[in-house]
Amino acid sequence: MKPQIIFGFHAVSARMRTRAESVREIYVDAKRDDKRMQALIENAKAKDLRVMTVDGKRLDGMTGNARHQGVVANVEATALPQFVDDVLDLLTVPPLLLLLDGVTDPHNLGACLRVADAAGAHAVIAPKDRSVGLTAVAMKVASGAAESIPYITVTNLARTLRELKDREIWIVGADEDGQSSLFEAKLGGPLAWVLGAEGEGLRRLTRENCDQIISIPMFGAVESLNVSVASGVCLFEARRQREGVAAK
């Protein structure tokens, strides 16, 4: 696999913590000498990693002028599972998956990866078309989660949903027009959450392949949540119910 560029303190620190051997070089802004940068450099040197001080413009060029915070790393690509079956075949517990339908913003994807990892989901799945790839921006926002949770793209999302059903995984879509409330849904078993992009929601074929459509109760003035926030609410409710079942 080709090397990758990651940037930002969270993403680079997480890679050093989890897979330091995969870090080829770290580039830091010559003009930044605060305590946070000093700590990162000391940590890198303690792990015998190569650190190079460069001009900020070089970092801008490496990241496409993204907000890199003055730290960029050249790393080996993480060898996570590439196919849904590879994830499911290795599980010894009921699957908990997040499927994203039409999420094209890398910031949203990164945040979804972060909450999915925090909730203990086993993979994030998205269609190859109408979705964003695992870009450097998405990895930065994920704050290290892109290193630990598989992000799998599939050719046909509707077919993937049918294949998950064949494995007896319950498919639940989240939409403001859902027939039942999140707090009424039974979410303790093998489960795949499906969420669409904010504003557009789930596509017709995606909805038709869900076993259940639920809505998140809204008690304030806003009518909807960002997809990453909604993903966190749904995944943690599933985790709460799952832990409740395990405790009985």
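The values are calculated or read from the model by the stated rules, or taken from the named source; none is laboratory data. Model, not experiment: these values are computed from the prediction. Cβ sites come from the backbone with ideal geometry, for glycine too, and all protein chains shown count toward neighbours. Each accessible area value is taken on the protein alone, full model and side chains, heavy atoms only, with ligands, DNA and RNA left out. Shrake-Rupley method; radii C 1.70, N 1.55, O 1.52, S 1.80 Å.
Would you mind calculating the gained length between D48 and N65 on full extension (0.36 nm times residue separation, minus the Cα-Cα distance), in nm to one decimal?
Using 0.36 nm per residue and subtracting the Cα-Cα distance, I get 3.3 nm.
Determine Rg/Rh for the range 39-117; Rg is computed over alpha-carbon atoms and Rh is the Kirkwood hydrodynamic estimate from the same atoms.
Result: Rg/Rh = 1.07.
Among A116, N65, W193, which residue has its Cα furthest toward the positive end of the charge dipole of the chain, with +1 on Lys/Arg Cβ and -1 on Asp/Glu Cβ?
N65
Please name which of A11, V28, F83 has its Cα lying farthest along the dipole of the chain towards the positive end, using unit charges on Cβ (Lys, Arg +1; Asp, Glu -1) and the Cα centre as origin.
With unit charges placed on the Cβ atoms, the residue in question is V28.
Determine the per residue accessible area of the chain with all protein chains present and a 1.4 angstrom probe, expressed in square angstrom.
51
With springs connecting C-alpha atoms under 10 Å apart, model the chain as a Gaussian network and identify which of K140, K31, K128 has the largest mean-square fluctuation.
K31
Which of rounded, prolate or oblate describes the range 127-248 when judged by the alpha-carbon gyration tensor and an a/c cut-off of 1.5?
In terms of gyration-tensor shape, rounded.
Can you give the charge dipole size of the range 29-142 about its Cα centre, rounded to the nearest 20 debye, using +1 on the beta carbon of Lys and Arg and -1 on the beta carbon of Asp and Glu?
560
Counting pairs of alpha carbon atoms under 8 Å apart in space and at least six apart in sequence, what relative contact order in percent does the chain give?
20
Spelling out what I want: for every residue of the range 204-214, take phi, set θ = phi - 60°, compute 6.51 cos²θ - 1.76 cosθ + 1.60 (Karplus), and round to whole Hz; glycine and proline get x.
4, 5, 5, 4, 5, 9, 8, 6, 7, 10, 10
So what's the net charge close to L96: Lys and Arg +1, Asp and Glu -1, counting the other residues with Cβ under 9 Å from its Cβ?
So the environment of L96 carries a net charge of +2.
Restricting to Cα pairs below 8 Å that are 6+ residues apart, what does the relative contact order work out to for the range 99-196? Please round to a whole percent.
Computed over the range 99-196, the figure is 32 percent.
Under the rule of -39500 (n - 2.57) per DSSP H run of 4 or more residues, summed and divided by the residues of the chain, what mean residue ellipticity at 222 nm is obtained, to the nearest 500 deg cm²/dmol?
Roughly -11500 deg cm²/dmol at 222 nm, from the helical runs in the chain.
Given an 8 Å cut-off on Cα distances and at least 6 residues of separation, report the relative contact order of the range 16-127 as a percent.
25
At 1.4 Å probe size, what's the solvent-accessible area of R36? Round to the nearest 10 Å².
In the full protein context, R36 sits at about 110 Å².
Of the chain, which part is the longest with no GluC sites (Glu not before Pro) in a loop (DSSP not H, G, I, E, B) and with at most 16 other C-beta atoms within 10 angstrom?
Looking at the chain, 77-167 is the longest stretch - no exposed GluC sites (Glu not before Pro) with at most 16 other Cβ atoms within 10 Å.
What does the accessible area of H107 come to, in Å² to the nearest 10, when a probe of 1.4 Å is used?
100
Mind checking which of L100, L187, L225 has the largest fluctuation in a GNM of the chain, springs on alpha carbons under 10 Å?
L225
From zero outward in steps of 10 Å, how is the percent of C-alpha pairs of the range 1-133 spread across the bins?
All Cα pairs, binned at 10 Å, distribute as 11, 35, 33, 18, 3 percent.
Mind putting a number on the dipole of the range 135-248 about its Cα centre? Charges go on the C-beta only, +1 for Lys and Arg and -1 for Asp and Glu, and I need it in Debye to the nearest 20.
Around 360 debye, computed over the range 135-248.
With a ≥ b ≥ c taken as the square roots of the eigenvalues of the C-alpha gyration tensor of the range 92-145, please select rounded if a/c is under 1.5 and otherwise prolate if a/b is larger than b/c or oblate if it is not?
Oblate, since a/c reaches 1.5 and b/c is not below a/b.
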